[in-house]
1. Run down A276, A234, A241 and say which single residue is surrounded by 14 or more Cβ atoms within 10 Å (Cβ to Cβ), at pLDDT 65 or above and closer than 26 Å to V159 by Cα.
2. Out of the strands (runs of 3 or more DSSP E) lying entirely within the stretch 82-199, which hold 2 or more residues that are at pLDDT 90 or above?
3. Kindly establish whether V318 is modelled with pLDDT of 85 or more, among the hydrophobic types (A, V, I, L, M, F, W, C) and surrounded by 19 or more Cβ atoms within 10 Å (Cβ to Cβ).
4. Under 7 Å between Cβ atoms, at least 6 apart or on separate chains: pull out the pairs that start in the stretch 269-286 with a residue that is under 11 Å from I229 (Cα atoms) and end on any residue that is among the aliphatic types (A, V, I, L, M) and not in a helix (DSSP H, G or I).
5. Is it the case that some residue within the stretch 21-37 is at pLDDT 85 or above, over 30 Å from F285 (Cα atoms) and either out of contact with any Phe, Trp or Tyr (no Cβ under 7 Å at 6 or more places or on another chain) or of a type outside the set (S, T, Y) (or both)?
Amino acid sequence: MKRVFFFLAFVIWGAGCCAGTASAHNLNYGYSYIHLSETYVDYELLLPFPILQQYDMNKDGRISQGELEAQEPAIRAYMQEHLLLFNGLQQMSFELVDLESTIQKSTEDPVVAFKLRFASDTEISALTIKYNVIVDDVDPTHQNYVQIFQGDTLMGHQVVGKDDRTFRYSPGEQTAYSFTVIGSYLLAGIRHIVRGVDYWLFLFCMAACATGLRKQIQPTFLLVAASLIGYIAASRLGLTAPSIWLNLFMFVALGLLVVSLMKGKAGNLRSFLILAYGLLHGIGFTSTISSEIDLVAEFKTVSLVIYHGGLLAGQIGVIFVLQSLLQPLFKKGGTT
């Protein structure tokens, strides 16, 4: 009975792995990279092709550099109306510096890069961004991930969209780290567990062992610790890998873990496979975690630890649920 469950779960994970490769990110998701200076802001806005089809003049599914240049006056007027920046209460002047049809490095998606400059008569003390691009007239589900830099240091970031279109930032202001922020990181970790097919299979395997709750929970600590180490190592060393290869290696590691559980192999092998799977997962996190939580520069390590605490809490909760559901089935069907 257990072997049947393991086999079915592994097949489901394989399907989820392949599907995850194809839908690793939303095609209506944009990015803003903002660099602060004393009296002006350089703003690079990246928007994917699917939400810019109004600028595809020949309807070939692509937006060429020539099409952008031909429509530059209309694009300038649109951006000037829908993207507003303020220094305090003063609206900053707008300038369209450049338009470029390019490929985004992190997602490998075709995008249009809008290079803008907003200037103020006085030193920037309180920056407010009012983002209405695409949301009202094209796609109400559009979101944009805004990141603010001072030099090479990330100072703040936030996702803006239909429900939250305003982002405020005060240079030099101490970032508050409240219980609300801590709670949001924990909930983000739990949410990631609930949505992760790979985690569900891993936890399914642990619960199906039915050798005691303590032995089922212990591997989750190793998995979370390995994932955190993998993410930190990848971030510090600049390690990157194509998602298809990461998914493949994770698939293999998890498959070997399933086999070891079915055959009752030694605990050391299981620990090694869990460690390998966690490290691979952590490395893969580098391209997705920023869309789930705001890693403010001053509290990056603490934020990561709290987020992974949410991953741990979510896994333990899922184990309790799976154990309550699976134990009656295994008792009925036997343990062969």
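1. A234
2. By residue number, 83-87, 93-103, 110-119, 127-131, 143-150.
3. Yes, satisfied.
4. As it stands, the answer is I283/L239; I283/A241, since those pairs meet every condition given.
5. Among the residues of the stretch 21-37, at least one is at pLDDT 85 or above, over 30 Å from F285 (Cα atoms) and either out of contact with any Phe, Trp or Tyr (no Cβ under 7 Å at 6 or more places or on another chain) or of a type outside the set (S, T, Y) (or both), which makes the answer yes.
The values are calculated or read from the model by the stated rules, or taken from the named source; none is laboratory data. In this text, all values refer to a predicted model and were calculated from it rather than measured experimentally. Virtual Cβ from ideal backbone geometry, glycine too; neighbours counted across all protein chains shown.
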